[in-house]
Amino acid sequence: MTLSITILGCGSSSGVPTVGNNWGKCNPKNKKNYRLRSSILVEHKNTVILVDATPDLRQQLINAKVKKIDGVLITHSHADHIHGVDDFRFLNVVMNKYINLYTNTETLEQIKKKFGYIFDKLHPNANGFFYKPCLSPFIIEGKFNINELSIEPFDQDHGFGKTLGFRINNFAYSSDVVELSEEAFKKLNNLDLWIVDCLRVRPHKTHAHLEKTLKWIDRVKPKKAVITHMNNETDYDEISKLLPNNCFAAYDGMKIKI
Ligand SMILES: [Zn+2]
Ligand SMILES: [Zn+2]
């Protein structure tokens, strides 16, 4: 099974640069420091899975030339992971159908609270006109399938809340995480690729920092690790110098085949 993973964005909640054109410690001349909010696309044959709906979703779908998805997985309800939901409307138009959304009860409740209009019934006179995003929600309770792909969720500690990590075959995605339980580590054995949170070098209350992420990578021992969700303190070239052989910093548009 060959999976293709595309980094649609690898930035923190603010993206890089932040509003005000603040590049922090990042070199503005390096295109790899220009980061949209964190999201990925996972593809296998004709199956396309999106993880998260960032406020940059429109730009990300255009950049990756996405014309359809078979499902969107939502890790948690922070603004940088769901506030792009309105852009699904235009994907509905292109696909001419509803989009399946997979998340846990807590996150779905938050999406319903923040974007209640999405779940209103289409007006009977709409006649297939998608004047709002149309999503069919599915609650994740354990392993589930999207077409031929089996997806294994696991809980992650995000400081003041929880997030979902996802394993698909020998690939796992762990965005927005500050601690991992023993149960989560069990889901992370034998990985070909692990994409994992690493906000910056200094510790943070809700995100892993470099030392912690590298400790995890040393324990999990994936064949390849890619760090993501980086903020403007994290310059691509500078952080790359601090990474071991099998570990790389993400950049928007990065494609990895496993
Ligand atoms: Zn985030
Ligand atoms: Zn978050």
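Yes or no: region 26-37 includes at least one residue that is under 30 Å from residue 113 (Cα atoms), assigned to a loop (DSSP other than H, G, I, E, B) and touching a residue at least 24 places away in the same chain (Cβ under 8 Å).
Checking region 26-37: at least one residue is under 30 Å from residue 113 (Cα atoms), assigned to a loop (DSSP other than H, G, I, E, B) and touching a residue at least 24 places away in the same chain (Cβ under 8 Å).
Okay, residues lined up against (1) away from ligand 1 (no atom under 16 Å from the Cβ); (2) among the hydroxyl-bearing types (Ser, Thr, Tyr):
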| residue | (1), (2) |
| --- | --- |
| 172 | yes, no |
| 175 | no, yes |
| 195 | no, no |
| 209 | no, no |
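Against the conditions (1) within 19 Å of the chain's Cα centre (by Cα); (2) surrounded by fewer than 17 Cβ atoms within 10 Å (Cβ to Cβ); (3) free of Cβ contacts under 8 Å to residues at least 24 places away in the same chain, residue 257 satisfies every one except (3). Candidates are the residues of region 46-70 that are outside any helix (DSSP H, G or I) and under 13 Å from the mean Cα position of the chain (by Cα); the one that is farthest from ligand 2 (Cβ to nearest atom) is 49. Scanning region 106-130 for residues that are under 24 Å from residue 147 (Cβ atoms) and either touching a strand residue (DSSP E or B) at 6+ places or on another chain (Cβ under 9 Å) or among the charged types (D, E, K, R) (or both) yields 107, 108, 111, 118.
Of the numbered criteria (1) away from ligand 1 (no atom under 16 Å from the Cβ); (2) assigned to a loop (DSSP other than H, G, I, E, B), the one residue 77 fails is (1). Could you grab the pairs with beta carbons closer than 7 Å, sequence gap of 6+ or different chains, first residue in region 70-81 and of a type outside the set (Phe, Trp, Tyr), second one part of a helix (DSSP H, G or I) and within 8 Å of ligand 1 (Cβ to nearest atom)? So the pair list comes out as 74/81; 75/81.
Selection over region 32-45 of residues that are under 25 Å from residue 105 (Cβ atoms) and within 16 Å of ligand 2 (Cβ to nearest atom) gives a count of 4.
Based on this model, can you work out whether residue 101 counts as within 16 Å of ligand 1 (Cβ to nearest atom) and surrounded by 21 or more Cβ atoms within 10 Å (Cβ to Cβ)? No: the conditions fail for residue 101.
Name the residue that is nearest to residue 83 (Cα to Cα), counting only residues in region 126-138 that are in a loop (DSSP other than H, G, I, E, B) and of a type outside the set (A, V, I, L, M). Applying the filter and picking the extreme gives 133. Screening residue 91 with (1) assigned to a helix (DSSP H, G or I); (2) surrounded by fewer than 20 Cβ atoms within 10 Å (Cβ to Cβ) gives one miss only, at (2). The residue that is surrounded by the most Cβ atoms within 10 Å (Cβ to Cβ), among those in region 139-150 that are assigned to a strand (DSSP E or B) and without any contact (Cβ under 8 Å) to a residue 24 or more places away in the chain, is 150. Of the residues in region 12-31, none is of a type outside the set (D, E, K, R), buried (at least 17 other Cβ atoms within 10 Å of the Cβ), under 21 Å from residue 165 (Cβ atoms) and away from ligand 2 (no atom under 15 Å from the Cβ). Only one of the numbered conditions (1) at pLDDT 95 or above; (2) more than 16 Å from ligand 2 (Cβ to nearest atom); (3) surrounded by fewer than 17 Cβ atoms within 10 Å (Cβ to Cβ); (4) in a loop (DSSP other than H, G, I, E, B) is violated by residue 123, and that is (1). In region 104-117, the residues that are closer than 18 Å to residue 143 by Cα reach residues that are surrounded by 12 or more Cβ atoms within 10 Å (Cβ to Cβ) and of a type in the set (Gly, Ala, Ser) with C-beta atoms within less than 6 angstrom, at least six apart or across chains, in these pairs: 107/77.
The values are calculated or read from the model by the stated rules, or taken from the named source; none is laboratory data. Small disclaimer: the values here were computed from a predicted structure and weren't measured. Ideal geometry is used to build each Cβ from the backbone, glycine not excepted, and the neighbour counts take in all protein chains shown.
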